[in-house]
Amino acid sequence: MVKHLKVSAGAAEVKVRKVWRRPAGLVAELAPLGELARNLYWTWNAECGAALAQADPTEWAKSAHQIIRILNNVGAARQAELTRDVRFMARLRRCTYALRHYLESRTWFQENYGAAGAGTVAYFSMEYGLHESLPIYAGGLGVLAGDHVKSASDLGVPLVGVGILWKQGYVRQRLDGAGRQVDEFRTLAPEDTPLREIADGAGRPLRMALPVGAEVVSVRGWRLEVGRVPLVLLDTDVPENKPKARQMTRRLYSGDRDTRIRQEILLGVGGWRFLRVMGLPIAACHLNEGHAAFAVLERVAEVRETEGCTFAEARRRVAATSVFTTHTPVPAGNETFAVRLFEKYMGGYAERMGVDRAALADLGRVKPGDKKEPFGMTPLALRMCDHRNGVSKLHGAVARRMWSEVWEERQEEKSKNQKVEKAKSQEGEKSRRRKVEKSKWGTRTHRQGFQPRDGEGPIGAITNGIHLRTWLHPKMAAVLDEHLPPGWEERQDEPETWQRVETIPDAVLWAVHQELKAELIEFVREKVRARLRRNRASAGELAKVGRVLSAEALTIGFARRFAGYKRAALVFEEAGRLAKILNNVRRPVQILFAGKAHPADGEGKALVHKVAKLAAAARFRRRVVFVEDYEMDIARHLVAGVDVWLNNPRKPQEASGTSGMKPALHGGLNLSILDGWWPEGFDGQNGWAIGKGQDHDGSRAQDKRDAAELYRILERQVVPLYYARDRAGVPVKWIARMKHAMATIPAVFNSHRQVKEYWTKYYLPALGKTALSEASAAGG
């Protein structure tokens, strides 16, 4: 059935023609299942998710929770059984009401900024980690984007997401019999997902022609409902395209440099143009990392062509309405392209923007005029966006140092423009202020290491957070719902909300935590069994899995991308000493590892092999497990069930590291290098710090010192505290730390606080004076 939908994009409303289909073969009484499944709200509403799982529990467990595929294939007998189940039908009605109430209820944004709103922000990201059933993410960047969008939905912030539908997503990891990573890619069928193809006003599939170098590529769009926020995913895998163009949206972060630049043109240029074709009223753009930075060139060209203004004026207007978030404190992690390749695809923008080719190339260089320097997406975004930030306070400072030369060049250009304006205005007071500003931000002070306060300088900081309901286990959620103030989620970013954690009885908190750990251990054992069966292990080996891990042992989790600087194998630095810690009969310890290496990262794959091989060694076999194919479902189990979350990168190479924020929701304690978010989160009682916060030089000596410090903390502090029990067998002092972590970390490191900060600090200024005046008039 084809019909018009009134689509809410924050404050602005547009009509977009959509195709609604009840899942094939689903009887009318169960049609609400399709309504629930089509909006990802169910991924953070536990009861809605449970109702969908009940449709076919066996397939739910086998299919990575791909609910649309399940509903398309549920048999007639099962449907009849469900419709006769009074309790299930009552639950389905409750969940349908919950979704509709959520979509229609008044939001934080409406309460503070009025129903009219202030314009819509387009949020560009190369990946989105929304749920394991939609594997279009690689890791932390995507999960952060997913949590950002979900909080924008909860808060009612006027935002639309833009990304790419990766048909084979990111690499799937399989370990062979020797523990080596084997790369796999699986094709995602859109009909098995909640996606709807975007149609034109006549109901026909919408197509957009996108010039990519000398080729014109046909682009279609898919729409995904993430609560109140629409997500537009671009796709070039259409019959009318040539094979090379169809491959553009095949795999995330794969392919040669030519493929990568084409993908980033699609995201930035194609994303902006597709929003225009859809008619969405976009007033500002947020670039989540530099992958989408070509959007600013397209926007400058568009403004200049439609308004007839100069390049300088077009650039000023685009920069004023653009936000850029950098996530990478490692120079090699910032995307660059050979200038020749950049000019092959983007050289035509010189004429469109009214500049010569050399000036166009210089927009992406740290040092303009240096012809040996490649074109960088981060320098481009820094130059073309007025609102810039890192993802923790430490990372903001690191980014300012990394990119200080770009800022100096911008300041010199700004100074020249100010002199022209000063000559025109002859306003003495403004002249005086400019002189003060110049002395404050002059080149000399930057070279001396001057660090501006956030909000004053070239790159500010908004520390990442997590979407609490996405990562909160339903059993722990029930405890919080009972003991925290009513409506605590709406006030989750207020420290006072979490003070009531202290009222949770120790026995209750400990019992729930132990239940979550037992659930994690059985989950991990089943993963190990599946791997052994695939690798044709013997019946004897399979039988031994039941003796791997213990629900009574102190459990440490280490799960993240296997990149060299994250030092996954650091804990094995002195294998004999570690074995003594783990195999202590009275005070056993166990470690769970998970994480993938990029297919082209030889060092990362070597680390995977090393850790997996050590885990299989006789002295570690029962105490160390590597869980293959790390993804969001595995992450949810790990962060809910571990006692300690281990993080030991080389400082300052961890920009934020949101994984460590999630265990605290369940009383998990961090044991971490003081990098990323942890210097802000650690207060001396809610976890442990490895080292004194010094930067790392990458030497073996530094690794050895950190490993020794890690062992010392485990032996003298962590293990003794965990096993210090009262007469009832309850670790009272450990639980006190659990409660303190729960009271101090979620209150600050949540994505509601994060999105509110983006709104007030960057989005409102990017939306301009009109937005500010509207907000003021609305009482915001």
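Annotations for the structure displayed:
- P(r), alpha carbons of region 169-225 - 5 Å bins starting at zero, rounded %: 4, 14, 13, 14, 15, 14, 10, 7, 6, 3, 1, 0
- Over region 206-267, the hull volume per residue, using the convex hull of the C-alpha atoms, is 91 Å³.
- Each Cα pair under 8 Å and six or more residues apart adds its sequence gap; the mean of these over the residue count of region 625-727 is a relative contact order of 22 percent.
- Averaged per residue, the chain has 40 square angstrom of accessible surface, using a 1.4 angstrom probe with ligands and nucleic acids left out.
- Where only alpha carbons of region 625-779 are counted, the Rg and the Dmax (Å): 19.5, 65
- Principal axis box of region 521-611, alpha-carbon based, largest edge first, Å: 36, 33, 20
- What the phi angles of region 119-130 give under the Karplus curve with 6.51, -1.76 and 1.60, with θ = phi - 60°, is a coupling list of x, 9, 9, 8, 10, 9, 8, 5, 9, 9, x, 9 Hz, glycine and proline written as x.
- What the Kirkwood sum gives for region 511-664 is a hydrodynamic radius of 16.0 Å, with every pair of different alpha carbons counted.
- You can think of it this way: the chain between V277 and A511 has 78.8 nm of extra reach, that is 0.36 nm per residue less the Cα-Cα gap.
- Working from Cα pairs under 8 Å separated by at least six residues, relative contact order for the chain is 14 percent.
- Kirkwood estimate for region 617-690, i.e. one over the average of 1/r between Cα atoms, Å: 13.4 Å
- Pairs of Cα atoms farther than 15 Å apart, region 117-175, %: 51 percent
- Taking the inverse of the mean reciprocal distance over all distinct Cα pairs, the Kirkwood hydrodynamic radius of region 493-550 comes to 14.2 Å.
- The average projected area of region 28-112, computed from the convex hull of its Cα atoms over all directions, is 5.9 nm².
- Full extension of the chain between E35 and N72 gives 12.0 nm of extra length, using 0.36 nm per residue less the Cα-Cα distance.
- Alpha-carbon spread of region 576-619, three principal axes, descending order, Å: 43, 15, 15
- Seen from all directions on average, region 159-198 presents a Cα convex hull projection of 4.3 nm².
- For the pair region 343-363 / region 470-538, the C-alpha centres are spaced 53 Å from each other.
- Charged side chains reduced to their Cβ positions (Lys and Arg at +1, Asp and Glu at -1) give the chain a dipole of some 1260 debye around its Cα centre.
- Placing +1 on the Cβ of every Lys and Arg and -1 on the Cβ of every Asp and Glu, with no other charges, gives region 532-669 a dipole of roughly 440 debye about its Cα centre.
- Counting only residues at least eight positions apart within a chain, or on another chain, the aspartates and glutamates with an alpha carbon under 20 Å from that of K613 are D176, D183, E526, E541, E573, E574, D601, E603, E628, D629.
- Largest first, the three principal axis extents of the alpha carbons in the chain are 82, 66, 53 Å in whole numbers.
- Spatially proximal aspartates and glutamates relative to K580 (Cα-Cα < 15 Å; intrachain offsets below 8 disregarded): E715
- Taking only protein heavy atoms and a 1.4 Å probe, the accessible area of the chain is 51% carbon and sulfur.
- Note: region 17-163, Cα convex hull, 128 Å³ per residue.
- Relative contact order computed over region 125-165 (Cα-Cα under 8 Å; 6+ residues apart), in percent: 43 percent
- Simple point charges give the picture: +1 on the Cβ of Lys and Arg, -1 on the Cβ of Asp and Glu, and for region 80-135 a dipole about the Cα centre of about 400 debye.
- Estimated vicinal HN-Hα couplings, Hz - region 385-392 in sequence order (Karplus 6.51, -1.76, 1.60; Gly, Pro = x): 10, 7, 10, 9, 8, x, 10, 7
- Using a Förster distance of 30 Å, the FRET efficiency for V585-E522 (Cβ separation, nearest 0.05): 0.80
- Shape metrics for region 207-333, restricted to C-alpha atoms - Rg then Dmax, Å: 15.4, 41
- The convex hull of the Cα atoms of region 77-177, projected and averaged over all directions, covers 10.9 nm².
- Distance between the modelled labels on S105 and R87, one decimal in nanometres: 2.6 nm (7 Å Cα→Cβ projection).
- Entries of K517/K596; K150/K344; K62/K733; K371/K566; K610/K733 with Cα pairs more than 31 Å apart: K150/K344; K62/K733; K371/K566; K610/K733
- Here r is the Cβ-Cβ distance between R172 and R712 and R0 is 51 Å; the resulting FRET efficiency, rounded to 0.05, is 0.85.
- The gain in end-to-end length when the R529 to R316 segment is fully stretched comes to 70.8 nm, 0.36 nm per residue minus the alpha carbon separation.
The values are calculated or read from the model by the stated rules, or taken from the named source; none is laboratory data. Note that the structure is a prediction, hence the values are computed from the model and not measured. With ideal geometry, Cβ positions are generated from the backbone for all residues, glycine too; neighbour counts draw on all protein chains shown. Remember, those area values only see protein heavy atoms, side chains included, never the ligands or the DNA or RNA. Shrake-Rupley method; radii C 1.70, N 1.55, O 1.52, S 1.80 Å.
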